[in-house]
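Shown next, in C-alpha cells, is the structure this report addresses.
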Amino acid sequence: MDLSSQARFSNRVADYVRYRPGYPPQLMAWIHDGLGVAPRARVADIGAGTGISSRMFLQAGHPVIAVEPNAAMRTAAEQWLGGEAGFAALDGSAEATGLADASVDMVSAAQAFHWFDTRAVRAEWARILRPGGLALVYWNSRLLQATPFLAGYEALLLEYGTDYRAVAERYQDDDTMRAWFGAGFVDAARFPNVQRMDFDALRGRLLSSSYAPAEGHPRHAPMLDALRALFDRHAVDGHVEFAYQTRAFAGTLD
C-alpha cells in the first residue's frame, strides 16, 4: 500500500477544489492577534494543494509562496490564485522546499502535515525561516461521533474506504505536536468549523478523499448508494452538516 501523497490526489483535484472546507476566520485572528504575526509577513504554504490555505493568507494581505509537489494540484492553485498579487507557486516538497535560507517569516502547513517526514521537515523549515519566524501546523479534524450523521459517515468510510484506517491513524495528536515543537512551542488553539452540504457537495467531499474508491473500483458504486441512503436519513431541508474542529499549533524551530 502506497501512502505517498504526491500522486494519490491527482485524480481528485476538481472535487478537492470545490468541496474541501476552508478555515474559520478565528484562525487568522489568532495568528495576528494571538501569535503576533505581522499582516504582511511572508508565508511559505507547504503542501499547499489546490490553494485553500494559500487563499486564506492572501485575503489577509500576506504574500504567499505555495510549495506543492503534486503537479495537478499545483496547477489548480495557479489557475485559481495566479492573478492574485503576492502569490507564487513552487514545485517542491515539505522536506526539500527549494526556498532560500531565512527567506520566509512563517511556514504554514494546513491539512498535510501527517504526510510529511516530520524529522526532515523540522530541519528544512528551520532553514527557510527567518530568525524568530513561526511554524504553524493546523487541520480541520472531523468530529467523528458528534451527530448520528457523522457517526454514520465514519462507519461508511470504515466499510468502503480503500486504506482509510491507515490514513486516519497518521494524524498527530496534541501531545505529539507539542513534543515536535519542543522548547519552541508557543501556543495551540481550537476553533469550531462547520460545512453545510447538499447531496452533490457531500458526494464531492467524499470523492475528494484519497481513500474513497474511485470510479471503476468495485466498491465505488456501493459506497455512493450507501452515501445516498445516509444522506436521506439525516438531511434537514436538503442539507447535512460536517462538524469539524480546527486544531492549530505554533512555535519556533530554532
Of the residues in segment 207-225 that are without any contact (Cβ under 8 Å) to a residue 24 or more places away in the chain and surrounded by 13 or more Cβ atoms within 10 Å (Cβ to Cβ), the one that is farthest from His239 (Cα to Cα) is His220
Those helices (runs of 4 or more DSSP H) lying entirely in segment 161-222 with at least 3 residues charged (D, E, K, R)
174-181, 199-207
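So that you can scan it fast, the table gives a plain yes or no per residue for (1) surrounded by fewer than 16 Cβ atoms within 10 Å (Cβ to Cβ); (2) in a loop (DSSP other than H, G, I, E, B):
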site: Asp33; (1), (2): yes, no
site: Thr50; (1), (2): no, yes
site: Gly61; (1), (2): yes, yes
site: Ala66; (1), (2): no, no
site: Gly92; (1), (2): no, yes
site: Ala102; (1), (2): yes, yes
Flag for Arg142 being within 30 Å of Ala235 (Cα to Cα), touching a helix residue (DSSP H, G or I) at 6+ places or on another chain (Cβ under 9 Å) and basic (Lys, Arg):
yes
Quick check on Pro63: is it more than 23 Å from Trp180 (Cα to Cα), of a type outside the set (Gly, Ala, Ser), touching a residue at least 12 places away in the same chain (Cβ under 8 Å) and touching a strand residue (DSSP E or B) at 6+ places or on another chain (Cβ under 8 Å)?
yes
Which of the following residues is of a type outside the set (Phe, Trp, Tyr), over 16 Å from the mean Cα position of the chain (by Cα), over 18 Å from Ala243 (Cα atoms) and open to solvent by 60 Å² or more (accessible area, probe 1.4 Å): Arg228, Arg196, Arg203?
Arg228
Hey, among the residues in segment 121-142 that are surrounded by fewer than 17 Cβ atoms within 10 Å (Cβ to Cβ) and not small (Gly, Ala, Ser), which one's farthest from Ala41 (Cα to Cα)?
Arg127
Taking segment 71-88 on its own, how many of its residues are within 17 Å of the chain's Cα centre (by Cα) and crowded, with 22+ Cβ neighbours inside 10 Å?
3
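The values are calculated or read from the model by the stated rules, or taken from the named source; none is laboratory data. All values reported here derive from a predicted model rather than from experimental measurement. Virtual Cβ from ideal backbone geometry, glycine too; neighbours counted across all protein chains shown. Heads up: the accessible areas ignore ligands, DNA and RNA and are worked out on the full protein's heavy atoms, side chains in. Shrake-Rupley method; radii C 1.70, N 1.55, O 1.52, S 1.80 Å.
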